[in-house]
Structures are given as C-alpha cells and as structure tokens.
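Colleague: Can you keep this structure in mind? I'll have questions shortly.
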Amino acid sequence: MKALITSFFIFVSTLCFSQAMELPFDVRGLCMNAPSPDRLKQFIKFMEDDLAANGINTLVLMVDFNYEYDSYPNLRSENALSKQDVKKLVRCAGKNNIRLIPHINLLGHQSWASRVNNLLREYPQYDETPSVVMPEKYEWPNDDGLYCKSYCPLHPEVHKVVFALMDELMDVFEADAFHAGMDEVFYIGMDDCERCRGKNKAELFTGEVKTIRDHLAEKNQELWIWGDRLLDGKATGLGEWEASENDTYPAIDLIPKDVVICDWHYENAEPTAAFFALKGFRVVACPWNRPEVMKSQLELIKAFRQNSNDELKSRFLGVMQTVWTGSSNFLDSWYGEKQNDRTLGNVNSFKELIKYINATGN
Ligand SMILES: [Zn+2]
C-alpha cells in the first residue's frame with residue numbers, strides 16, 4: 001500500500017512538473033507606432049483594456065522622432081509627445097506589467113518614399129549615398145535601388161547624435177531594452193561613401209550593431225533588432241526583403257549573442273526562429289496581417305519549445321504582432337470606427353493572437 005501511495009505521489013508530481021515545464025511565452029507582444037499626443041488618452045485605455053487585460057506583456061513603441069527631444073530639438077517631429085505624455089504611458093505600463101521598449105530606426109530607414117527623415121534632413125553629411133537625390137514621385141523599383149536612405153555607420157559624428165536620442169528615450173521610458181530597427185538596410189558599404197567604399201558589408205553591419213549594443217550594455221540595457229539582414233536571402237529562398245541579398249548575412253556569426261532578434265515573416269511562417277536560436281540568440285517571431293500565418297508562427301514557436309532542451313527552449317521568447325500603419329489608423333480600425341483592407345488584416349491577426357493567449361494561457 002505504501003508503495004502504491006508513493007507511486008501515486010510520484011505520478012502526481014511528475015504531472016505537475018511537466019505542466020510547470022510548459023511555461024507561458026516570455027514575450028506576448030505588440031509593436032506599433034507611438035500614439036500622437038491627441039490620441040494618448042485613447043491609447044492608454046487601449047493598453048489597459050485590450051493589451052494588459054488580454055495578457056500582452058511587451059509593447060515596442062516606434063517613437064523615432066515623435067518625442068520632444070531636449071538634446072536635439074531640431075530633430076523633433078511636429079506635434080511630438082512631451083515628457084509628461086510619455087510618463088503617462090510609463091505609469092500605465094508599470095501598473096499593468098507591460099514592458100515598454102522604445103524604438104528608433106537606426107542605420108536604415110532614414111527616408112520614406114520621396115521624403116528624407118529628420119536625421120538626414122538636419123544632418124545630410126551623415127548620408128551614406130549623398131549622390132542619390134530623393135525623387136519627386138517615388139517608385140519601386142528605381143535606377144538608384146533606393147528603398148530607404150541609410151546613415152553612414154563610419155561617420156565620426158553620427159553616434160554622438162544617435163546616442164543622445166537613445167539615452168533620452170531610455171531615460172524617459174525608464175526602459176531596460178531598446179529596439180533599433182536595422183531592417184531592410186539596402187544601402188551599406190556603398191561606393192558613394194568615401195568611408196565605407198570597398199569595406200566588407202557584414203563587418204560594417206556588425207560594427208554598427210556592436211556600437212549600439214555596447215552603448216546600451218554600459219547601463220545594463222538590452223538591444224533588440226529585426227533579423228532580416230542576418231539571413232541569407234539566396235540560400236533560404238527568402239529574397240532581398242525578409243532576408244539579405246546584399247552580403248550582410250555573415251554578421252549572424254559576428255554580432256554579440258545577447259542581441260534579441262525579432263524574426264519577421266508575413267507571408268509564410270518560415271522556420272528561421274530555430275536558426276537564430278541554434279546560433280545562440282533569443283528570438284521573437286513577428287507576424288503582420290495574415291491571421292493564418294500568425295497562427296502558424298505561434299504553433300512553430302510552441303513546437304520548437306516543446307522539442308528543445310532547456311537551454312535552447314529558453315531562447316524562443318514568444319510572438320510579437322507588428323503593426324505597419326499609423327497608430328491612429330490602427331486604433332480607428334481596432335475600435336471599428338474606420339476600416340480599410342490594410343488595417344483589417346492587421347487587426348484580425350492581433351485578435352487571433354489574443355484569442356490564442358486567452359485559450360492556452362500562453
Ligand atoms: Zn559610409
């Protein structure tokens with residue numbers, strides 16, 4: 001009888017243990033543009049009623065120039081968030097156990113369509129391709145291969161400005177992680193740049209990741225980036241957008257392993273999260289606007305966790321929904337006030353993610 005009772009307890013404790021092993025995702029996230037000041041109140045309500053209430057614990061806010069920077073007021077966008085505005089977001093996040101991670105696009109994405117963004121508008125000397133003139137009407141493809149401008153990572157002054165912006169954001173957001181973008185960098189190591197001409201592109205990319213990472217590490221802060229420049233676009237069949245066809249991908253073996261990789265794929269649930277994890281990185285799968293792809297990404301992350309040893313398992317952090325429209329557009333669509341095809345898929349994908357979290361406890 002005693003043996004039977006002992007076996008029963010072993011059985012029960014094994015059950016509890018195996019359930020405890022199925023830990024929820026570390027990251028149940030959303031990544032979107034920071035709100036404009038006139039929508040702040042509604043955004044805070046959204047954080048409380050829709051994010052926190054549904055188990056979302058990570059919010060990457062793409063702030064970029066939407067903040068009243070003191071260090072470089074010339075880089076503020078019009079109608080930017082004030083310090084008081086940001087503190088309201090920080091208080092709401094703290095109260096609701098949401099990790100806030102501010103974002104500024106670094107290296108690439110320094111222009112959009114026919115407009116140069118604030119950094120290169122104010123400091124054109126940082127431009128990697130000074131001879132590429134912004135077209136009046138932007139079209140892709142074009143003769144210059146212009147998707148977005150990049151800053152030159154070897155310009156001796158650029159990090160003074162970039163670090164000042166990062167430091168201010170990290171400070172006001174009271175954050176322990178920073179998202180630097182660094183996706184879709186098409187212009188790197190260009191012949192147009194006297195400093196970068198002829199240099200190894202993977203080493204240039206690595207250098208910039210390391211420079212930003214080391215700056216954050218001084219204050220025990222963590223760097224997050226998108227993963228596309230670290231994947232071989234040709235060998236994987238992923239192409240030049242969600243992977244690299246401009247020779248940056250060997251950087252995957254050169255950048256520090258404590259950088260968190262946001263592995264975005266929008267058309268298929270590509271199994272690249274396993275590749276990043278096997279290389280030693282922590283990784284977050286990032287869907288966009290196709291609910292069925294998002295569900296497959298969730299299932300993949302779940303399967304990778306279930307089939308990995310403990311060390312590897314801990315690197316699959318979870319899933320983060322991305323939003324690629326303005327914050328106000330997304331809120332309009334979320335609350336059903338205005339709907340368009342672009343935002344609807346995005347909203348539906350996020351609703352499915354929330355449904356999954358609520359159903360599974362993940
Ligand atoms: Zn350069």
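The values are calculated or read from the model by the stated rules, or taken from the named source; none is laboratory data. Model, not experiment: these values are computed from the prediction. Neighbour counts are summed over all protein chains in view; Cβ atoms, including those assigned to glycine, are modelled from backbone coordinates with ideal geometry.
Colleague: Search the range 195-209 for residues that are under 13 Å from Asn246 (Cα atoms) and within 13 Å of the ligand (Cβ to nearest atom) and pair each with any residue that is outside any helix (DSSP H, G or I) and hydroxyl-bearing (Ser, Thr, Tyr) when their beta-carbon atoms are under 9 Å apart and the residues are at least 6 apart or on different chains.
Modeller: Here the result reads Lys201/Ser244; Lys201/Thr248; Leu204/Thr248; Phe205/Ser244; Phe205/Thr248, each pair linking the range 195-209 to a residue that is outside any helix (DSSP H, G or I) and hydroxyl-bearing (Ser, Thr, Tyr).
Colleague: I'm told Cys148 meets every condition in (1) touching a Ser or Thr at 6+ places or on another chain (Cβ under 6 Å); (2) away from the ligand (no atom under 16 Å from the Cβ) except one. Can you identify the failing condition by its number?
Modeller: (2)
Colleague: Related question: Being at pLDDT 95 or above and either aliphatic (A, V, I, L, M) or within 23 Å of Trp264 (Cα to Cα) (or both) is true for just one of Leu23, Leu81. Which residue is that?
Modeller: When all the criteria are applied, what remains is Leu81.
Colleague: In the range 239-292, how many are closer than 25 Å to Asp341 by Cα, aliphatic (A, V, I, L, M) and touching a Ser or Thr at 6+ places or on another chain (Cβ under 8 Å)?
Modeller: Matching residues across the range 239-292 total 1.
Colleague: Among (1) of a type outside the set (Val, Ile, Thr); (2) touching a residue at least 24 places away in the same chain (Cβ under 8 Å); (3) within 30 Å of Pro37 (Cα to Cα); (4) in a loop (DSSP other than H, G, I, E, B), which single condition is Asn362 missing?
Modeller: (3)
Colleague: Is the range 120-130 home to any residue that is away from the ligand (no atom under 13 Å from the Cβ) and in contact with a strand residue (DSSP E or B) (Cβ under 7 Å, 6 or more places away or on another chain)?
Modeller: no
Colleague: Which condition does Asp332 not pass, out of (1) under 30 Å from Asp38 (Cβ atoms); (2) in contact (Cβ under 8 Å) with a residue 24 or more places away in the chain; (3) part of a helix (DSSP H, G or I), if it passes all the others?
Modeller: Only one criterion in (1) under 30 Å from Asp38 (Cβ atoms); (2) in contact (Cβ under 8 Å) with a residue 24 or more places away in the chain; (3) part of a helix (DSSP H, G or I) is unmet by Asp332, namely (2).
Colleague: Let me ask something additional. Pro141: without any contact (Cβ under 8 Å) to a residue 60 or more places away in the chain, part of a loop (DSSP other than H, G, I, E, B), farther than 22 Å from Ser244 by Cβ and not polar (S, T, N, Q), yes or no?
Modeller: no
Colleague: Given the conditions (1) in a helix (DSSP H, G or I); (2) surrounded by 15 or more Cβ atoms within 10 Å (Cβ to Cβ), and given that Lys87 satisfies all but one, which numbered condition is not satisfied?
Modeller: It fails just one condition, (2).
Colleague: Among the residues of the range 182-190, is any closer than 15 Å to Leu106 by Cβ and more than 16 Å from the ligand (Cβ to nearest atom)?
Modeller: Scanning the range 182-190 turns up at least one residue that is closer than 15 Å to Leu106 by Cβ and more than 16 Å from the ligand (Cβ to nearest atom).
Colleague: Now for a different question. Answer yes or no as to whether Asp176 is away from the ligand (no atom under 15 Å from the Cβ), more than 15 Å from Pro256 (Cα to Cα) and buried (at least 23 other Cβ atoms within 10 Å of the Cβ).
Modeller: For Asp176, the condition - away from the ligand (no atom under 15 Å from the Cβ), more than 15 Å from Pro256 (Cα to Cα) and buried (at least 23 other Cβ atoms within 10 Å of the Cβ) - is not met.
Colleague: Something else: Return yes or no: is Thr343 on the phi < 0 side of the Ramachandran plot, within 19 Å of the chain's Cα centre (by Cα) and at pLDDT below 95?
Modeller: Taking the combined requirement at face value, the residue satisfies it.
The rows are residues; the columns are (1) under 20 Å from the mean Cα position of the chain (by Cα); (2) without any contact (Cβ under 8 Å) to a residue 12 or more places away in the chain; (3) over 30 Å from Ala53 (Cβ atoms); (4) surrounded by fewer than 15 Cβ atoms within 10 Å (Cβ to Cβ).
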site: Asn74; (1), (2), (3), (4): no, no, yes, yes
site: Arg91; (1), (2), (3), (4): no, yes, no, yes
site: His103; (1), (2), (3), (4): yes, no, no, no
site: Gln110; (1), (2), (3), (4): yes, no, yes, no
site: Tyr123; (1), (2), (3), (4): no, no, yes, no
site: Glu128; (1), (2), (3), (4): no, no, yes, no
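Colleague: May I pose another question? Among the residues of the range 275-319, how many are in contact with a helix residue (DSSP H, G or I) (Cβ under 9 Å, 6 or more places away or on another chain) and either within 16 Å of Glu352 (Cα to Cα) or among the aliphatic types (A, V, I, L, M) (or both)?
Modeller: Here the count works out to 24.
Colleague: Among the residues of the range 131-143, are any surrounded by 20 or more Cβ atoms within 10 Å (Cβ to Cβ) and either among the aromatic types (Phe, Trp, Tyr) or closer than 25 Å to Ala175 by Cβ (or both)?
Modeller: Among the residues of the range 131-143, not one is surrounded by 20 or more Cβ atoms within 10 Å (Cβ to Cβ) and either among the aromatic types (Phe, Trp, Tyr) or closer than 25 Å to Ala175 by Cβ (or both), which makes the answer no.
Colleague: Going residue by residue through the range 65-82, is there one that turns out to be assigned to a helix (DSSP H, G or I), hydrophobic (A, V, I, L, M, F, W, C) and under 27 Å from Val347 (Cα atoms)?
Modeller: No: zero hits.
Colleague: May I pose another question? Mind listing whichever residues of the range 301-319 are under 13 Å from Phe276 (Cα atoms), in a helix (DSSP H, G or I) and in contact (Cβ under 8 Å) with a residue 60 or more places away in the chain?
Modeller: Across the range 301-319, the qualifying residue is only Ile301.
Colleague: List pairs: first in the range 149-161 and part of a loop (DSSP other than H, G, I, E, B), second more than 12 Å from the ligand (Cβ to nearest atom) and among the small types (Gly, Ala, Ser), Cβ under 6 Å, 6+ apart or cross-chain?
Modeller: Listed by first residue and then by second, the contacts come to Lys149/Ser111; Ser150/Gly108.
Colleague: Regarding Leu238, is this residue away from the ligand (no atom under 16 Å from the Cβ), at negative phi and surrounded by fewer than 19 Cβ atoms within 10 Å (Cβ to Cβ)?
Modeller: Here the answer is no, as Leu238 does not meet what is asked.
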